[in-house]
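Just below is one structure, and these are the notes that go with it.
The values are calculated or read from the model by the stated rules, or taken from the named source; none is laboratory data. Not measured: the values here are computed from a predicted model. Reconstructed Cβ throughout: ideal geometry from the backbone, glycine too, with neighbour counts over all protein chains shown.
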């Protein structure tokens with residue numbers, strides 16, 4: 001397994017390896033978010049593969065918060081797949097009664113989401129900072145950037161959950177995720193993923209506008 005995770009396609013500048021798993025994960029991730037931004041339910045099928053490869057990639061880099069996120073992400077992906085294709089009568093799209101329409105959070109719900117992200121990210125980051133340093137010493141290597149790792153993790157969970165409910169606000173969360181992920185991937189030496197995060201950012205801006213138009217049409 002380790003041989004596969006560290007299989008190098010080529011190097012940049014002679015010392016920066018470009019791994020096969022990074023490339024495969026990048027392609028799957030871009031495909032998934034492109035389909036989601038176009039309101040396609042097929043993004044969930046790609047998402048199942050994407051989650052699997054992300055788990056392996058983060059395991060290889062000792063990013064435990066991001067690694068532990070993947071089983072949860074899989075559960076949210078399954079929930080979203082069901083919700084998008086089995087809407088209640090009042091939630092049906094005006095263009096397709098078998099599809100969930102785009103909706104928005106209320107301002108109190110947005111405030112609660114922001115407070116929850118800060119509190120949970122701080123707590124999770126502290127727990128990760130203890131893992132490998134004070135707890136389980138010699139069992140797990142230390143997370144190199146625990147608080148940033150935790151922040152990205154919590155933001156992704158919020159963004160994924162809102163996406164599963166087809167809330168327009170999910171794209172605001174995804175834009176924050178894209179920026180923080182870019183910093184995270186650069187800090188641990190990923191090559192393709194910072195570029196992918198930049199492409200996610202562009203897709204997120206386009207999708208933010210596209211989903212707002214769907215919201216106006218009750219689609």
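In the stretch 23-71, of all residues being touching a residue at least 40 places away in the same chain (Cβ under 8 Å) and more than 15 Å from the chain's Cα centre (by Cα), the one that is nearest to residue 197 (Cα to Cα) corresponds to 23.
One line per residue, one yes/no per condition, for (1) under 23 Å from residue 150 (Cα atoms); (2) at pLDDT 90 or above; (3) crowded, with 21+ Cβ neighbours inside 10 Å:
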{"site": "41", "(1), (2), (3)": "no, yes, no"}
{"site": "64", "(1), (2), (3)": "yes, no, yes"}
{"site": "71", "(1), (2), (3)": "yes, yes, no"}
{"site": "74", "(1), (2), (3)": "yes, yes, no"}
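For the stretch 165-192, the set of residues classified as buried (at least 21 other Cβ atoms within 10 Å of the Cβ) and within 12 Å of the chain's Cα centre (by Cα) consists of 170, 171, 173, 174, 177, 178, 181, listed by residue number.
Remark: pairs (first residue in the stretch 156-181, at positive phi and touching a residue at least 24 places away in the same chain (Cβ under 8 Å); second residue buried (at least 19 other Cβ atoms within 10 Å of the Cβ) and assigned to a helix (DSSP H, G or I); Cβ separation under 7 Å; 6+ apart in sequence or on different chains) = 166/84. If you check 198, 204 for being under 24 Å from residue 215 (Cβ atoms), part of a helix (DSSP H, G or I) and within 15 Å of the chain's Cα centre (by Cα), only one passes: 204.
Applying the criterion of being crowded, with 17+ Cβ neighbours inside 10 Å and touching a helix residue (DSSP H, G or I) at 6+ places or on another chain (Cβ under 8 Å) to the residues of the stretch 121-141, the residue that is modelled with the lowest pLDDT is 131.
When restricted to residues that are surrounded by 16 or more Cβ atoms within 10 Å (Cβ to Cβ), touching a residue at least 24 places away in the same chain (Cβ under 8 Å) and assigned to a loop (DSSP other than H, G, I, E, B), the stretch 77-98 contains 1.
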